[in-house]
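So the structure is just underneath, and the comments pick up after that.
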Amino acid sequence: MLVLDWVAPIFYCVIVVLQLHGGDAKDLKAMCSTCRQITDNFNKGFERTAKKNFGGGNTAWEERKLSKYETSEIRLVEILEGLCDSSSFECNHMVEEHEEQFETWWFKRKTKNPDLFKWFCIETIKVCCPKGTFGLDCNACVGGSDRPCHGNGKCDGDGTRAGDGKCSCDRGYEGEFCLDCAAGYFNEERNDTFSLCKECHESCTTCSGPTNHDCDKCKSGWEKDEEGTCVDTDECSKDSSPCKDDQYCLNTNGSYSCLACDSRCSGCMGPGPDKCRTCAKGYKDEEGTCQDINECELPDPVCTEENRECENTKGSFNCRCASGFQEQDGVCVPSPEPEVSQEVPSSEGAYTQTAKLSEQHEDL
């Protein structure tokens, strides 16, 4: 039994260490996140209960007999009950597992260790690390804990017991220490511990300064002029347009766009009916602008079928049945006369009989 008394604790410690070292990085980060949430909610609960008391009628008696609510176990319980949502298993499990530590801090450590997150999450249950450190031993991130990744990136596992401390550089920076400038950026300032990268001019692939005069190489869509400056290539000025027949070319910095011609155009050089190469069918050129042709006003009628009349539309026309006629089997036939009802008195004096006006005319 004596052997078991000291073997069991050692075995338990070994298991815990193995779990920590072999634990999934996401799980370790999640534990720190849960702990931070708990301590944040604890601080909110502490503020929420700041002006409460025991709720009795004689506060002076309560404080004298029951001690002050401010430091009471009742207040602690109220705060603990509001730390987690009922659906959050991880949060409730952590609070339940470490309830004794909360009591210790509340009654014995709070005065000397007012930062609950630091005391509980970092120093006591050890699921988090101080800012700028990472991993099981809370090692300093690359660049130091004060400026992880030299201020130009994020340290993997920063503030948790997870991660490998490698830097994930911000946009514009690269390299193990995030001190080098990525392609399209140049160093405005640089020393062994500090680097400030600025973006090159939009025309540069690489550069030594901020303007299009400082390009080492031009991007596609740009070309160097006689002075070595990267200038825009006007793709739209070429003899053969890069766009389709029903589109016009619009030059942009470093590129171009193909936009649809106006519907009145058959090919165009720009937007609107005044930029047409030729007018589309149903339109004609009037003083340089393509306008609709009113086919209904042409000398020769366009609607030749019997009882049809012309209706002009944009770029075309319709032949519809004239007034008083309707479409039937592809021809226009007279519309039927509307039925008119008339009430006549019955032998009993009530209006019960309806006769068609057309039938009355026939009887006459």
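Coordinate-derived values only; no laboratory data. Note that the coordinates shown come from a computational prediction; the quantities given were computed from them, not determined experimentally. For neighbour counting, all protein chains shown are included, and Cβ atoms are generated from backbone atoms with ideal geometry for every residue, glycine included.
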From the list 165, 143, which residue is in contact with a His (Cβ under 8 Å, 6 or more places away or on another chain), of a type outside the set (A, V, I, L, M), part of a loop (DSSP other than H, G, I, E, B) and over 30 Å from residue 218 (Cα atoms)? 143
Residue count, region 253-270 (criterion: closer than 30 Å to residue 204 by Cβ and either out of contact with any helix residue (DSSP H, G or I) (no Cβ under 9 Å at 6 or more places or on another chain) or free of Cβ contacts under 8 Å to residues at least 12 places away in the same chain (or both)): 5
Return the residue satisfying two criteria in turn: it lies in region 318-334 and is outside any strand (DSSP E or B) and not hydroxyl-bearing (Ser, Thr, Tyr), and of such residues it is nearest to residue 246 (Cα to Cα). 330
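Kindly indicate the residue of region 290-317 that is among the β-branched types (Val, Ile, Thr) and surrounded by fewer than 16 Cβ atoms within 10 Å (Cβ to Cβ) and also nearest to residue 246 (Cα to Cα) among those meeting that condition. Show your work before the answer.
Just the residues of region 290-317 that are among the β-branched types (Val, Ile, Thr), to begin with: 293, 302, 304, 313.
Filter once more, so that each one left must be surrounded by fewer than 16 Cβ atoms within 10 Å (Cβ to Cβ): 302, 304, 313.
Working: 302: 29, 304: 34, 313: 22 Å.
Here the residue is 313.
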With the condition kept exactly as written, say whether any residue in region 105-127 is outside any loop (DSSP other than H, G, I, E, B), crowded, with 20+ Cβ neighbours inside 10 Å and under 30 Å from the mean Cα position of the chain (by Cα). no
Filtered residue count, region 130-146, keeping only those that are crowded, with 19+ Cβ neighbours inside 10 Å and touching a residue at least 40 places away in the same chain (Cβ under 8 Å): 1
Restricting to region 93-104, name every residue that is within 36 Å of the chain's Cα centre (by Cα) and surrounded by fewer than 16 Cβ atoms within 10 Å (Cβ to Cβ). 93
